[in-house]
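Working notes, beginning with the structure itself.
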Amino acid sequence: MKQKARKLSIGALAAVFALTLAACGNDSSNSESGDSSSTSGGGKKVTIELALSKSSQDSAFVQQDLLDEFEKKTNIKVNLQLLPAEQTSTVLQTKLAVNETPDILQYNLASATTDLNLERNFEILDDQPWVSRLLNKDVLSAYGHVYSFHVSQDTGMQGVVYNKDIFKELNLEVPKTYDEFLAACEKIKAAGYTPLFMPFKDNWAANVMPGAAFGEYVTKNEPTLFDDLNANKKKWTDVPAFQTILDQQYDLYKKGYTNTDVLSDSYDMAAGQFLDKKVAMMFMGDWLIESVEQQDANMNLGLFAYPTDNSGDAYLGASPLGGQLFVPKQAKHKAEAEQFLNFIAEKEVAQKIVNAQGYVSNFNDVTTPELPDYKQEILDNYITPKKTAMTMDAYMLVDRSELYRSLQDQFTGSKTSEKVLQAWGDKFAELMKDKGEAGF
Amino acid sequence: MIKRSKSMYGYYLVWPALLIYTIFFVAPAIIGLFYSFTDWRLDRIGVHFIGFDNFHKIFTDDTLLLAMKNTLIFAIATVVGKNVIGLLLAIALNMRLKSRNFLRAIFYSPSILSVLVISIIFTPMLRTEGMVNKFFDSIGLHFLSQAWLTNPDLVIWTVALVAIWQSAGFQMAIYLAGLQSISKDYYEAAMIDGAGAWKSFTNITVPLLLPALNINLMLTLIGGLKVFSEVFVLTSGGPGNSSQVVGTIILRAFGEGNWGLGTAINTLLFIIVTLIAIPLLIFMRRKEVTE
C-alpha cells in the first residue's frame, strides 16, 4: 500500500515537472516560430504593450486598422491592455512602482502630473522628430518639457449631452436657466423617455456635473478659490454654492428624472442608452458624442451647458486635453514605442486620424477638417464667446476618488450634500498633508 | 531497510521548498513589516521611519474601521453559511440517491467558476429591477425585494451570500470525503444498540468528521478574513465605501500612492488572521479523535 502511494506521488511529481518543462519549452518554441514568420516582414518581430483605460477603448490611437498598418510596416505588434476605468490609475501606479510598465500608456496629462509622478516615471520627448511640427506644445507639456503625444489640441468639453431629435420631437429648446431645465425634464419624462441617464455605479460619473459646475462658479465668482482650498485658507464646506450644486444633482434623481437604478448602471451602458433612444440627456463630456456617432452616424447629439441658476449665462466645463500617449522610462521597448508615436505623427496617418475624429490638428502640416456639427456649435456658442470654465479636476493636486465615493453615498441616502463636502474636506486635508503640501 | 529509506528521504529534501517559501513569503513579509513603519509613498523619493503613525491612522479612520467590521461580518457569515450548507449537502448526497453523482457535480460546479464570471451573472440578477427582485415580487414576497448591491446596510451581506453560493459545494466535497471514510460498522453497532439517526449523527458522525470540519473551518475562516475578489468584482467596495473590506482598502491605499499605509494594513491583516487561526487550529486539533 505504502509502496503504491510512494510510486503514485513520485509519478505525480514527475508529471508536474514534465508539464513545467513542456510549458517552458512551448514558450520558447512559440517565440521562435514568431521570429521565423517575421523574417518575411524584415527584422525581428517585437510586441509592444499599450495600456489604456477601458473607457478609452474607442480612442483613435488603438483602432485595429491603424495597429495593423503599423504592424505591416514595421513588424511591431501592438498589444492592448485594457484596464478597468475605475482602477486605471491604481493599476498604472502599481505597474510603474514595480517597474513592470507597458511600453506606451494613454492617460491624461493633467492627471499624470498628480497621479503618476510624471517627472520620475516618464520619458521627456523634446527631441522627437514630430515635436518641431507642433502647433500647440503646451497641451503636451509639463515642467517645461514635452512629456506626451497627441495629434489633437482640442480639449474635451463637459456639460449636458442631449439627443437633438428627441428635443425636436417634443418642441424643446436648449434650456438656458435652471427652471427651463426642470421644465424640459418634466416634458421629456411625460413623453416616456428617461430625461437624464446617471451611470453612477462608476463613481467618477457622479462628479461630471459638479466638477464642471464648481469650476464655473469659481471662474465667475471667486477666481482664487481653488488656490485657497489648495493652501488650506478655505475649506470645502465654506462654499454654500458647492452644496447647492450637489443638492441639485440629487434632486434631479429624487424627482424621478433619471434611470431608476443609478447606482447599478455603469458608464459603458451610456452609448447604448442613446443609440436605443431611451434617454434624452446625460451629464458628460463631448467624447461620448464622438463614440455614439461613430457607432451610428445618423445619431444627432449635441452638448449644452448645465444651467445651475436662472441667470441664463451657463458655461461649459473645459477639461485639460486628455488621451495623450506617454512612454514610461522603464519601458522595455522604448525605441519601438517611439517608433509608434512617429508612425502616428506621419503626415498622412495623422491627417487620416484628424479627419476621422474631427480633431483640431496640432501639426502644422496637417489640416483641421470641417468640424462635425456638434463641435462647430460648441465652438460658436461657447468657446468663441468665452463661455467656458476649467473643471474642478484641473486644479486638484490629489486623487479625487474619495469625493466620487462620497457622491455615491449621497445617492444611497447615507450622506447629505453637507456631509459629502465635510467627508471630502477631511480626506482632502489628509491627502494634501500626506503629499507634503504647505498649509496642511 | 529503514536506514535506506532514511537516506532516500532525508531532511535535505525540504531545502528547495523552504528556499522558495523563504524568498516568496517569509522575506516579503519581513520587508513588509519594515515598510509598514515608514512613509513609503509614490510621490516621495526615499522612505523615512515614522513609528506607529500608519497604525494610528488605521485605528482612527472611519473607513478603515468600517472595512474591518465588514471583513468580520463577511468572515463570520461565510464560515457559518459555507459550513452549514456544505455539511447538509454532504449528508444529503451521501444517501443512496439515484441522482447523487449528478447532484454532487451540480453543487460543486460553482466553485470552479471564476469570481469574474460570477459577478457577471449576479450583477444583473441583483439589480433593483433584476431577476431576483422580480421573482420575489411575482410570488408576492414584496418585502424580500431589496436593493441588494446598492443598499449600504445590506451590500456586504449580499456579497457574503454570493460567496456562500459559490463555495458551499467545495466544502461539501471535503465533508463528503470525511463522511465516506467513516466505517459503516459503527452505524450498524449503534443501530443494534438501539440508537436513532440523531444519536448516530451526534455520537459517531460529528466526532469522526472533526478533521474535515477542522479543515473546512480553517479554509473558510482564512478565506473570509482575506476576502478581496468577491467584493472587488461585485461592488469595488461601493456604493461609497459601504462594502469596503480590508483587502479592498489595501488596494485603495496603494491607489492613493500611500504604499506605507497599504503595507501597514496588510501587516495588520496578517497578524489578525494569525491570531484567530492558530489558536482555533490548536483547539480543534485537540478535539479530533481517531477511529
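Ignoring ligands, DNA and RNA, what percent of the 1.4 Å accessible area of segment B:36-132 is carbon and sulfur?
74 percent
Using just the C-alpha positions of segment B:171-291 as equal point scatterers, what log10 of I(q)/I(0) does the Debye formula give at each q in 0.09, 0.16, 0.19, 0.20 1/Å?
Per q value, in the given order, log10 I(q)/I(0) is -0.43, -0.84, -1.00, -1.06.
Please report the carbon-and-sulfur percent of the accessible area for segment A:52-110; probe 1.4 Å, protein heavy atoms only, DNA, RNA and ligands left out.
The nonpolar share, carbon plus sulfur, comes to 45 percent.
How much solvent-accessible surface does A:K433 expose, in Å² to the nearest 10, with a 1.4 Å probe and all protein chains in place?
130 Å²
Using a 1.4 angstrom probe with every protein chain in place, what is the largest-first accessible-area order of B:I182, B:I282, B:I276, B:I174?
Largest accessible area first, the list is B:I282, B:I276, B:I174, B:I182.
If you rank A:H333, B:H56 by how much accessible surface each has, with a 1.4 Å probe, what is the order from largest down?
Largest accessible area first, the list is B:H56, A:H333.
Compute the angle between helix A:347-357 and the longest alpha-carbon principal axis of chain A, please, reported from 0 to 90 degrees and rounded to the nearest 10.
Computed tilt is about 50 degrees.
Using only atoms on other chains, find how many Cβ atoms lie within 10 Å of each Cβ of peptide B:248-260 and report the average.
Mean inter-chain Cβ contacts per residue within 10 Å come to 5.
Can you tell me the mean projection area, over all orientations, of the convex hull of chain A's alpha carbons? Units nm², please.
The directionally averaged projection comes out at 27.9 nm².
Quick one: net charge of A:K347's neighbours, Cβ under 14 Å, K/R +1, D/E -1?
Every neighbour counted, the sum reads -1.
Heads up, I need the accessible area for B:T22: 1.4 angstrom probe, whole protein in place, Å², nearest 10.
Near enough 60 Å² of accessible area.
What net charge is computed for the residues neighbouring A:A318, neighbours being all others with C-beta under 12 Å from the C-beta of A:A318, Lys and Arg scored +1, Asp and Glu -1?
Overall, the nearby charge balance is -2.
Relative to the first principal axis of the alpha-carbon coordinates of chain A, what is the inclination of helix A:88-97, with its axis defined by its Cα atoms, in degrees from 0 to 90 and to the nearest 10?
For helix A:88-97, the angle is close to 40 degrees.
Using per-residue counts of other Cβ atoms within 10 Å, averaged over each peptide, order A:208-219, A:184-195, B:161-172 from highest down.
A:208-219, B:161-172, A:184-195
Mind counting lysine pairs for me in chain B? Cα separation below 30 Å, and the two need to be 8 or more apart along the chain or on different chains.
Close lysine pairs under the 30 Å cut-off: 17.
To check my understanding: the extent here is largest minus smallest coordinate of the Cα atoms along each principal axis. What are those three numbers for segment A:252-303, in Å, largest first?
Projected onto its principal axes, the Cα set of segment A:252-303 covers 33, 19, 19 Å.
To the nearest 10 square angstrom, what accessible area does A:K334 show with a 1.4 Å probe?
Approximately 60 Å² of A:K334 is accessible to the 1.4 Å probe.
So for segment B:77-190, considering every pair of alpha-carbon atoms, how many percent are separated by more than 23 Å?
44 percent
Counting other Cβ atoms within 10 Å, keep those with at most 16, restrict to DSSP loop, and tell me which trypsin sites (Lys or Arg not before Pro) in segment A:243-299 are left.
Answer by residue number: A:K255, A:K277, A:K278.
Give the A-B buried accessible area in Å², both sides summed, 1.4 Å probe, nearest 100.
Looking at A and B, the buried total is near 2500 Å².
Can you give the accessible area per residue of chain A, in Å², using a 1.4 Å probe?
With all protein chains present, chain A gives 44 Å² per residue.
Can you give me the % of accessible surface on segment B:140-254 that is carbon or sulfur? Probe 1.4 Å, all protein chains present, nothing else counted.
C and S fraction of accessible area: 69 percent.
How many partner chain Cβ atoms sit within 10 Å of a residue's Cβ in peptide B:233-244, on average, as a whole number?
That works out to 6 on average.
Which of the residues in segment B:113-128 lose at least 10 Å² of accessible area when you go from the chain alone to all protein chains together (probe 1.4 Å)?
B:T123, B:R127, B:T128
Relative contact order for chain A: what percent, with Cα pairs under 8 Å and sequence separation of 6 or more?
That works out to 24 percent.
So which GluC sites (Glu not before Pro) in segment A:102-179 are both in a DSSP loop and have at most 15 other Cβ atoms within 10 Å of their Cβ?
A:E173
Using only Cα atoms, tell me the angle between helix A:208-221 and the longest principal axis of chain A; keep it within 0 to 90° and round to the nearest 10.
50 degrees
Within segment B:88-159, list the trypsin sites (Lys or Arg not before Pro) lying in a DSSP loop whose Cβ has at most 14 other Cβ atoms in a 10 Å radius.
Loop-located and lightly packed - B:R96, B:K98.
Could you report segment B:209-276's accessible area per residue, 1.4 Å probe, as an integer in Å²?
28 Å²
Arrange the residues A:M392, B:M68 by how much accessible surface each exposes, largest first, with a 1.4 angstrom probe.
The ordering from most to least exposed comes out as B:M68, A:M392.
Could you work out [θ]222 nm for chain A from helices alone, using -39500 (n - 2.57) per DSSP H run of at least four and dividing by all its residues? Round to the nearest 500 deg cm²/dmol.
Result for chain A, helices only: -14000 deg cm²/dmol.
Filter A:K220/A:K419; A:K220/A:K277; A:K137/A:K419; A:K176/A:K278; A:K201/A:K255; A:K164/A:K235 down to the pairs with a C-alpha to C-alpha distance above 30 Å, please.
A:K220/A:K277; A:K137/A:K419; A:K164/A:K235
The values are calculated or read from the model by the stated rules, or taken from the named source; none is laboratory data. Just so you know, these numbers come straight off a predicted model, no measurement behind them. Cβ sites come from the backbone with ideal geometry, for glycine too, and all protein chains shown count toward neighbours. Remember, those area values only see protein heavy atoms, side chains included, never the ligands or the DNA or RNA. Shrake-Rupley method; radii C 1.70, N 1.55, O 1.52, S 1.80 Å.
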